[in-house]
């Protein structure tokens, strides 16, 4: 057989299976795509995002905004919440950690305790979980079996590089450290950093955003140690890159800022009400969910059609489903998880007794959402 | 408030195509642009296998190849309205796949975290080709990602050398020399197999 013919007849592993796994993600991306009539805006997602952020402020003051989708609950908690989670409304697995340890929640609603750790992070395809404890960093498989461990003091906020998972960044005291995905080559990337989870730029090996103790936002090449850019951004509490690596979201209590990959500030949106507690970019990177705190707390999803999807006191965090169609909102004050569908027909349902479900109590603290994983290739 | 939860993404086998007559690619793209998910699905089914195969041959890691092919499709969908429908879809998608695969392979080799794995076994589901598939992988392993990409674009995705030059932004002469070197390596390896 000649070489050309051999190449023509070559078949990759499990081609039919790969096709079946890929289709839901492709379809989901297609459904998220803007209609043809809105192509102009679609071509410029950064502008759309900036416009959306501007709209966000207006929306919060708008009576019409308060009734979008009829999804707003002003009571403490959603009525008729189910006492148990029978299934997740979208593919993937949810990772939770807190006083009761680290848990995963399967699509059928069943929960598995991985161990006693206080923080955790999915690997890009959900094949492993990096867990942080007072005395070290450990990676475990989804059954909780340890793969490797590093003894370090005061470890927190592990984050995997995506899509390969070949690096894990984490904080140890005031140091930012980076270790290879197999536990080798651990080293300090930066000293005197703030207690904010670092964020890898997806697909760009290996650019890492973090916050210094003095409040500078820095993006650094983790291989060479070279600083790529920096900006003064005050009290940032959360950093997140868009999935395509083109935008960096920096959330502080008073504002959500979007930077380009080269460090140019694209937009700044002050909080519409109380302090911003949490922010999350959708998998497509075109929508931003923000949770604000205080008595007038709310969850707002900005984008082409901004939506205020939930309101109430004592809200917590927000996470997007991997297909970008649902939000999972934690509501510690109501001891609930609230699922809200934000694509297609509006839908909402809630699950109560979340603290008890994950072996926590009101006094010990509410379980933290660590992520809803993953792409079609993993953790489904 | 209602308490309703329904899965929204299909995870089972893809439904069969509803259309009996083969649709032209241009028609499928037009349909997908107009909002027809069925047309998008046909387009996907038509182009997925080779996109995934090409990515796998370049990166030699099936999980990464799945991601790359999937991301390439998503990127293509997002840019579909900018696509020139007078041109064939496959080379456009293939360029996205090849460039992403090269980037991924370069990133992996820039600092290896784990020992470089040997090539993964090719599909056992291709009996006539399976004996050679392993050899194809082994032969390509000796080439750089850039060389592999040129060979794959030419003989798996069936680009012309000119199209490869444009897609990878290479001089035409470089494309030809890389093709020659890739084919020589493959043929040498396959001759060894034949001789056993």
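Computed quantities for the displayed model
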quantity: Against the rule of thumb 2.2 N^0.38 Å, how large the Cα Rg of the range A:47-373 comes out; calculated: 0.95
quantity: Per-peptide average of other Cβ atoms within 10 Å, ordering A:228-238, A:144-154, A:193-203 highest first; calculated: A:193-203, A:228-238, A:144-154
quantity: Cα convex hull of the range B:135-196, projected area averaged across orientations, nm²; calculated: 3.9 nm²
quantity: Stokes-Einstein D in µm²/s, Kirkwood radius over Cα pairs - the range A:282-380 at 37 °C with 0.692 mPa s viscosity; calculated: 233 µm²/s
quantity: The range B:132-196 and the range A:325-373: distance between their alpha carbon centers, rounded to Å; calculated: 51 Å
quantity: Distribution of pairwise C-alpha distances over the range A:136-215, 10 Å bins, in %; calculated: 19, 53, 26, 2
quantity: For the range A:188-271, alpha-carbon Rg relative to the globular expectation (2.2 N^0.38 Å, N residues); calculated: 0.99
quantity: Approximate spin-label separation residue A:213-residue B:38, in nm, with each point projected 7 Å along Cα-to-Cβ; calculated: 6.4 nm
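The numbers here are math on the coordinates, done by the rules we state, and not lab data. From a predicted model like this one, the values you see are computed outputs, not experimental measurements. Here Cβ is always computed from backbone atoms with ideal geometry, including for glycine, and neighbour counts include all displayed protein chains.
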